[in-house]
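Participant: Encoded as structure tokens, here's the structure I'll be asking about.
Derivation of every value follows stated rules applied to the coordinates shown; laboratory data play no part. Everything quoted here is computed from the prediction, not taken from an experiment. Note that each Cβ is placed from the backbone with ideal geometry, even for glycine, and that neighbours are counted across all protein chains shown.
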Amino acid sequence: MEYNFFDKIKELSLKYKAFIVPILSLVIIITFVYFYSISYSKYINYDSFNEIDEFIRITKEKDANIYNPYKTKIVNQESRGIDISEWQGEIDWDWLKDSVDFVIIRCGGRTTVEGKIFEDNNFRKNIEEATKRNIPVGVYFFSAAKNEKEVYEEASFTLNLIKNYKITYPVVYDYETVNEAQRTDGLSKREITHHAKTFLNYINNHGYDVMAYINQYDYDYSYNINDLQGIKIWYAYYGENLRVNNYDMLQYTSTGRVNGIRGNVDMNISRFSYVLEGEQNG
């Protein structure tokens, strides 16, 4: 009998047909999962929980000896001030000092696309000129953190920038939704709120009073406000018909004018003031 290869294949197929279909199906599934995982991994950049925990441990250890030496007492007294950054340019501090009760200075931020942390170009000059004239000072950091690790990076960066200066007003976490695409697109309310609390708790644990800057849009759509109980709120709202009342500080215009600054500046009313009581130990 002449041997026919194809007849033999047909014979084997009929004999083992009960096993072929499941095996082929399994091979197809494994192949799909493998190539999908490779493709998906291109879009995911994550650290294991152990790596994040280790980064946080190292960060806390590095910053362990930083503590705000200035002890203040909050008093129920309205104060008026401004917030500034490098965009205000050169400031005549001798002319400004009698025009405000406090100044909140941008110390730095993170770029919204590339994610690079930066120091405000005028931070050191501004804070040195202000404190030299005994103007009460707070600072703010503009955050674009997309995960917890980056929040700790920002908090540590801020802490190390301000540790040698007289900070007697709050250290502020400033997250804002911007019109153009940004690296934080897609973060949930829970994540944004958690980032703010993580940053502020870290700073507060080093002896600084803290506050969250929240504009009207982010108040409504980005934060779980009820989860920020116990944290001061710096609310930004320009115009009439103010419907939010649970703020501690109100930024009411971005087109204010004060002595010593050319051009517009943000103006603020605070429902509290501070009295410097002396120095404290961490």
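Participant: Determine whether Asp185 is buried (at least 17 other Cβ atoms within 10 Å of the Cβ) and either in a loop (DSSP other than H, G, I, E, B) or of a type in the set (D, E, K, R) (or both).
Facilitator: On the way: buried (at least 17 other Cβ atoms within 10 Å of the Cβ): no; either in a loop (DSSP other than H, G, I, E, B) or of a type in the set (D, E, K, R) (or both): yes.
Against the criterion (buried (at least 17 other Cβ atoms within 10 Å of the Cβ) and either in a loop (DSSP other than H, G, I, E, B) or of a type in the set (D, E, K, R) (or both)), Asp185 does not qualify.
Participant: Here's a follow-up. Restricting to the stretch 116-166, count the residues that are without any contact (Cβ under 8 Å) to a residue 40 or more places away in the chain and within 18 Å of Asn205 (Cβ to Cβ).
Facilitator: Residues meeting the conditions: 1.
Participant: Another question, if that's okay. Any residue at all in the stretch 63-80 that's free of Cβ contacts under 8 Å to residues at least 40 places away in the same chain and out of contact with any helix residue (DSSP H, G or I) (no Cβ under 7 Å at 6 or more places or on another chain)? Working first, answer last.
Facilitator: Looking only at the stretch 63-80, we keep the residues that are free of Cβ contacts under 8 Å to residues at least 40 places away in the same chain, and these are 64.
Okay, now just the ones that are also out of contact with any helix residue (DSSP H, G or I) (no Cβ under 7 Å at 6 or more places or on another chain), so 64.
Scanning the stretch 63-80 turns up at least one residue that is free of Cβ contacts under 8 Å to residues at least 40 places away in the same chain and out of contact with any helix residue (DSSP H, G or I) (no Cβ under 7 Å at 6 or more places or on another chain).
Participant: Name, by its number, the condition in (1) under 24 Å from Glu150 (Cα atoms); (2) in contact with a Lys or Arg (Cβ under 8 Å, 6 or more places away or on another chain); (3) not charged (D, E, K, R) that does not hold for Tyr70.
Facilitator: Failed condition: (1).
Participant: Can you spot a residue in the stretch 236-248 that is among the acidic types (Asp, Glu), over 19 Å from the mean Cα position of the chain (by Cα) and either under 27 Å from Gln77 (Cβ atoms) or surrounded by fewer than 19 Cβ atoms within 10 Å (Cβ to Cβ) (or both)? Quick ask: steps written out before the conclusion?
Facilitator: First, pick out the residues of the stretch 236-248 that are among the acidic types (Asp, Glu): 240, 248.
From what is left, the residues that are over 19 Å from the mean Cα position of the chain (by Cα) are 240, 248.
Right, trim to either under 27 Å from Gln77 (Cβ atoms) or surrounded by fewer than 19 Cβ atoms within 10 Å (Cβ to Cβ) (or both) and you get 240, 248.
Looking through the stretch 236-248, at least one residue is among the acidic types (Asp, Glu), over 19 Å from the mean Cα position of the chain (by Cα) and either under 27 Å from Gln77 (Cβ atoms) or surrounded by fewer than 19 Cβ atoms within 10 Å (Cβ to Cβ) (or both).
Participant: With the structure loaded, tell me whether Tyr169 is of a type in the set (Ser, Thr, Tyr), over 19 Å from Tyr67 (Cβ atoms), touching a residue at least 60 places away in the same chain (Cβ under 8 Å) and surrounded by 22 or more Cβ atoms within 10 Å (Cβ to Cβ) or whether it fails that test. Walk me through it before giving the result.
Facilitator: Numbers: of a type in the set (Ser, Thr, Tyr): yes; over 19 Å from Tyr67 (Cβ atoms): no; touching a residue at least 60 places away in the same chain (Cβ under 8 Å): yes; surrounded by 22 or more Cβ atoms within 10 Å (Cβ to Cβ): yes.
For Tyr169, the condition - of a type in the set (Ser, Thr, Tyr), over 19 Å from Tyr67 (Cβ atoms), touching a residue at least 60 places away in the same chain (Cβ under 8 Å) and surrounded by 22 or more Cβ atoms within 10 Å (Cβ to Cβ) - is not met.
Participant: Mind counting the residues in the stretch 252-282 that are surrounded by 16 or more Cβ atoms within 10 Å (Cβ to Cβ) and under 28 Å from His206 (Cβ atoms)?
Facilitator: Total satisfying the criteria: 6.
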